[in-house]
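The values are calculated or read from the model by the stated rules, or taken from the named source; none is laboratory data. These numbers come from a predicted model, not from an experiment. Backbone-built Cβ (ideal geometry, glycine too); neighbour counts: all protein chains shown. When the accessible area is computed, the model is the full protein with side chains, heavy atoms only, and any ligands, DNA or RNA have been set aside. Shrake-Rupley method; radii C 1.70, N 1.55, O 1.52, S 1.80 Å.
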Amino acid sequence: MYRWGGCSKLAELTYIGTSPPRPDGPAKASGLSQYADDVAVAGLWFGETVRSPVAHGRLRSVGWRRAAPPGAVLVTAADLPGPNGVQLIDDGWPILAEGTVEHVGQAVALVAAPSRRAAVLAAAEVEVDIEELPPVFDLSEARRQPSLYELELGLGDPEAVLDQAETVVEGEYRTGHQEHIYIECQGMTARWHPSGPRVEVSGSMQCPYYVHKSMVHAFGLPEEAVRVRADAIGGGFGGKEDYPSLIAIHAALLARAVERPVRIVYDRQQDIIGTTKRHPATMRYRSAVDAEGRLLALDVLVELDGGAFTTLSKVVLSRALLHAAGPYRCPEVRVRGRVLRTHTAPNGAFRGFGAPQVAFGIERHMDAIGRRLGIDPLTLRQRNALVPGDRLPTGQIVDESTSALACLESVARRTDFVTRWTEYQAAQTETNGTPQRGLGLSLYFHGAGFTGNGERRMNSPASARLTPEGRIAVLSAMTDMGQGAVIVFRQIAGEAAGVTFDDLEFPEPDTNEVPNSGPTVASRTTMIVGQLVARAVREVSAQVADWWGEQQPAASPYTVKDGRVVGQDGRSTPFAAVARSYLEVHDALEVTVRHQPAPGPVFDETTYQGPAYPTYAWGADIAEVEVDPDTLAVRPLRMAVAAEVGRAIHPRLCIGQIEGGTLQAVGWGLLEEIKLDQGRYLNDRLATYIIPTAMDAPDLDVELLEAAFPDGPFGAKGIGELPMDGGAPAVVAAIENATGLVVDEIPATPERLFAAQMRERSDD
Amino acid sequence: MIRLPPFAYRRPTDLADAAAMLAGEGPETRLVAGGTDLWPNLKRRHQQASTVISLMGIQGLAGVEETEDGGLRIGATTPLSTVADHPVVRWRYPGLSRAIDSISSPPLRNMGTIGGNLCVDTRCTYYNQSEEWRRSINYCMKAAGEICWVAPSSPRCWAHSASDSAPMLAALEAEVELVSTRGSRRIPLPQMYQDDGIEYLAKQPDEILTTIYLPATSDAAHCRSSFWKLRRRGSIDFAVMSTATTLWLDGHGRVERAAIYLGAVASFPKPADKAVERLIGEIPTPELLDQVSELARRKATPMDNTDFQAQWRKAVAGKYIRAALREALGMDPELLAPKHQAGGTPTS
Ligand SMILES: Cc1cc2nc3c(=O)[nH]c(=O)nc-3n(C[C@H](O)[C@H](O)[C@H](O)COP(=O)(O)OP(=O)(O)OC[C@H]3O[C@@H](n4cnc5c(N)ncnc54)[C@H](O)[C@@H]3O)c2cc1C
Ligand code: SF4
């Protein structure tokens, strides 16, 4: 169910704010879409990965146990043609283990064989000789080693205020691993060609140009020698941002060795063991507040478990720190953070990118402040929430679209929050065996687009050109992993150019065909690249209309509307016909535009001061849960969500993102847990890595609010990650409201609640 | 990618042929019905098979029908969903529908059969893992290994019974018919099981389970039954503990006869005898049910070999037993559990 809050459909718009069906929907629903493992390739061989069985050790040797199985080929680090590192932020993530192994599941060798079965059997014939070394799993031990990264930012002198303050609240909050569980596991096919682009890889990926860059680096090839294409993608959630680079290099290494196309497709177990996850976090918050609960100073330390290598940990940390103070006003802030190294699989990009962790930290901390001062969660947040013109710890002044209070109002109104929260709190002690109910509130924000000067540096292009049929081809590297970019871009382009969907073409993301408009990450696709698309197509359409006006000056100027070029006399001609005439006298029409950062202050990456994000999307959740007083089983009943999204281009998909993200957050908060024993996964399957099913989902009541962001297409903000931020703190707060149990660590499983109850009883 | 190992596959259409094949093909011969347990087990190399005999082609082995004596017979290869949704089952044996509705998910209930569910393999955290995982701990007694990781000094395997229909059918005093080349026999369901995680079936390896019989005296006109299942989610997950209860009351509300069976706490559906004894001849009050649940709970001595920490499971087992008893008597079960599907429509 959804409703519209502060939105008004602008009358003059044709597509924006409507929810047309997505063009890939029927093929996806009927199973016709070709995912990485579906594409038929003649002469295809299959690759398997030989992985480290131990968390830490010296790699003595890798080789065939006996004679090589007939036809099978083995590739180890010794066979690498270039540097042994995947090019991401640094090159520290080995392509194949060399010298040491650093986590269970690390790729040590690759085998290829003519069939899947032969490849599996061949992989079992590879002997890996490892001398075990003591591993580090515990963060307290990891702290004694050098950090992978450290960062700090802040404003003023919080220490001085904390020293003087009457009320100082402290707390430590912890969040665990999370696995992406995209429907389609990772998969990639590679082939080498005698001429043209030398090597071609295709498969499941969010960012064709990341894969491209890392392939160029690993094989020492010129850029034009590498071609990367995205197949249909069965979900990503960030998990197909970093890892596809590795698996693409693996497939290409094997294809080079056997001189045939080779495909590697992980099954679920390999996917869980081998690929990146959400960084576990430990967060220490210390705040000074006045008697009304207003934040006077805040000191935060964020520690992320990076795993054995850094994929994208540095930027995950910086996004975490930039969101650590939450959507609150605080004059003196210090936020420090570091990424620690443990002998577990590297952690990487995951929807929210560090922000969900700190959202849990700050929201639980706000509840701790409320608990201390006896202020209800809504009032406390209303007193502290950012309003337009307030300053973030980076010194950034938040813009007119700052909607924290509107989001709070929306969820509180729909749930009658304060009254019922107070009643539930009073009923905590009446445990007559029947389930107890509670409400929990969270407020959050999410910086849309790349952090800092990422966009400025990338200076991403997107292009539009006329095709011989008189259509506009829109060229960008953005992928659709289910989020709906395919339809949203059609709406933006149709609206901006004044044409119909039939007048538009969208070539598949292929590095041979489309420019590098950057990765499909960071909630940037609609907001940043969508704006490029709008500008490019608008320019093409305008040039066609102007040229037509020159041919028919009597009714000039012409405009393009609903797929027709319309003159002042009201007479019109189909756009495609005019475009074809245009191409009869011109060779081509192609427009490439690049991202233009808004004028004004620039983010300083050394001091971490300035606008870290062009704008923020805002959200608030209220969760209502039922808790069994004896078993402490929790059932999330319903959630009210308010999301301020700038403008909802496609309300149905926008709601879909918010519902899906909220459920993913609730799963992380209540159920999902990677259990490790000596660095080995105890639950590497979907039967044991528990994610919520439809039966476990709360009823979701989403209200979209709109406060246009002038630099986004038709006012849209990026919202893909926003809904991941609020669910976990809201359900945990609701458990507290129901039971009085304070849980500062997720997942809040019944066992963990039980332990909290035992502790509480022994304290009494 | 995990694949099935190679094996010979037979699909007889006649029960006698199937029994002859099973008797003649050697020890590595296995039966398959819906395959929702056997195929994954073969894929993960928990079980081996040189020949697999499918029962799904055998005429007359599936179906639900009322018998002359007023009871019900259910063919072993009847899909779980057919059993649970059968109007007579829903009306006369609601506890059974309830138990079956809690099994896995709708697609698996369409494939899985009632006979397969009664013979389903026992489970354990150290066993239900991939081949590589188990290899890395050098396996365990239940498959290829030497010791039991749950109880290393124990000479036996403690893998637990996983079937949700078994405790309920046992509490409903069901009987089963077993057929082999040596003939057929009909035994009370509990006699089909034994207390061993590896050899969990007392049925002979050459016997085919053909029919499940429910007596007329176990229907809703004669008794009250209830089923509760502990697991993390409202769907898919196996039981971490389940409790099935049937109570026969006389005209004064006094308990004449009772059955309480616990699932997933032992290698077989475990009867709670002491608890049942305490109930007989009494008019149940909430206080009595608390005492009875406590007696039954002592039977539930979970090993640390499923999801959830054993300490927590122990603490909550009584609550589930109590809920089933209270519900059977029309009281509020006073238990919050993940919702699971009932009658094809989600309930809350
Ligand atoms: C994800 C998942 C979740 C599951 N959740 C549950 C759950 O919640 N509760 C639950 O109880 N089960 C669960 N199961 C297990 C299984 O699906 C069911 O138990 C199902 O009823 C098994 O029936 P089947 O016909 O598919 O059995 P099969 O796999 O065909 O057979 C199972 C075993 O029984 C033997 N067998 C089958 N039929 C006969 C017969 N007529 N005579 C003699 N031996 C026979 C086979 O040889 C085999 O050893 C789950 C399985 C999966 C994959
Ligand atoms: S109980 Fe022991 S022997 Fe049985 S499966 Fe578990 S670990 Fe193996």
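In table form, for the structure just shown:
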read-out: Amide H within-cut-off set for residue A:167, under 5 Å, with H built and near neighbours excluded; value: A:289
read-out: Inter-label distance for residue A:89 and residue A:682, nm, one decimal - labels placed 7 Å from Cα along Cα-to-Cβ; value: 3.1
read-out: Buried on assembly, segment A:247-289 (at least 40 Å² less accessible surface than by itself, 1.4 Å probe); value: A:267, A:269
read-out: Estimated dipole of chain A in Debye, rounded to 20 [Cβ of Lys and Arg +1, of Asp and Glu -1, Cα centre]; value: 1100
read-out: Accessible area of the protein assembly as shown belonging to carbon and sulfur atoms, whole % at 1.4 Å probe; value: 50
read-out: Computed FRET value (nearest 0.05) for residue A:502 with residue A:28, which takes r as the C-beta separation and R₀ as 22 Å; value: 0.55
read-out: Charge dipole of chain B about the Cα centre (unit charges at C-beta), most positive-ward option of B:266, B:244, B:33; value: B:266
read-out: Dipole axis of the protein assembly as shown (+1 Lys, Arg; -1 Asp, Glu on Cβ), positive-most option in B:137, A:435, A:347; value: B:137
read-out: Solvent-accessible heavy-atom area per residue, rounded to whole Å², over the protein assembly as shown at 1.4 Å; value: 37
read-out: Positive minus negative residues near residue B:291 (Lys, Arg vs Asp, Glu; Cβ under 12 Å); value: 0
read-out: Nearest-20 debye value, segment A:515-632 charge dipole, Cβ charges on Lys, Arg, Asp, Glu; value: 800
read-out: For segment A:367-479, size of Cβ-based charge dipole, Lys and Arg +1, Asp and Glu -1, in debye; value: 240
read-out: For residue A:448, net neighbour charge (Lys/Arg +1, Asp/Glu -1) across residues whose Cβ lies under 10 Å away; value: +1
read-out: Modelled FRET efficiency - R0 35 Å, residue B:2 with residue A:638, Cβ distances, 0.05 increments; value: 0.35
read-out: Charge dipole of the protein assembly as shown about the Cα centre (unit charges at C-beta), most positive-ward option of A:208, A:762, A:576; value: A:208
read-out: By accessible area with a 1.4 Å probe, ligands and nucleic acids excluded, highest first: order of B:203, B:299; value: B:299, B:203
read-out: At least 50 Å² accessible surface lost relative to isolated chain, residues of segment A:673-696 (1.4 Å probe); value: A:680, A:682, A:685, A:690, A:695
read-out: Area hidden from solvent between A and B (accessible, protein heavy atoms only, 1.4 Å, total, Å²); value: 3300
read-out: Label-reachable residues, segment B:127-161, where backbone N falls under 14 Å from a point 7 Å from residue B:304's Cα toward its Cβ; value: B:149-153
read-out: Cα extents of the protein assembly as shown along the three principal axes, largest first (Å); value: 98, 75, 68
read-out: Inter-part distance where segment A:307-337 and segment A:85-142 are each reduced to a Cα centre, Å; value: 30
read-out: J(HN,Hα) series, segment B:126-138, from Karplus relation 6.51 cos²θ - 1.76 cosθ + 1.60, nearest Hz, glycine and proline x; value: 8, 9, 7, 9, 5, 4, 5, 4, 5, 4, 5, 9, 6
read-out: For residue A:349, net neighbour charge (Lys/Arg +1, Asp/Glu -1) across residues whose Cβ lies under 14 Å away; value: +3
read-out: Interchain or long-range residues, amide H under 5 Å from residue B:28's placed H; value: B:50
read-out: Whole-number D in µm² s⁻¹ for segment A:579-643, Kirkwood Cα-pair radius fed into Stokes-Einstein, 20 °C, 1.002 mPa s; value: 115
read-out: Amide H contacts of residue A:64 (H built 1.01 Å from N, under 5 Å, at least 5 apart or other chain); value: A:127
read-out: Positions from segment A:105-150 whose accessible area shrinks by 40 Å² or more when the full protein complex is built, not the chain alone, probe 1.4 Å; value: A:116, A:117
read-out: For chain A, calculated [θ]222 nm from helices alone, where every DSSP H run of n ≥ 4 adds -39500 (n - 2.57); value: -9000 deg cm²/dmol
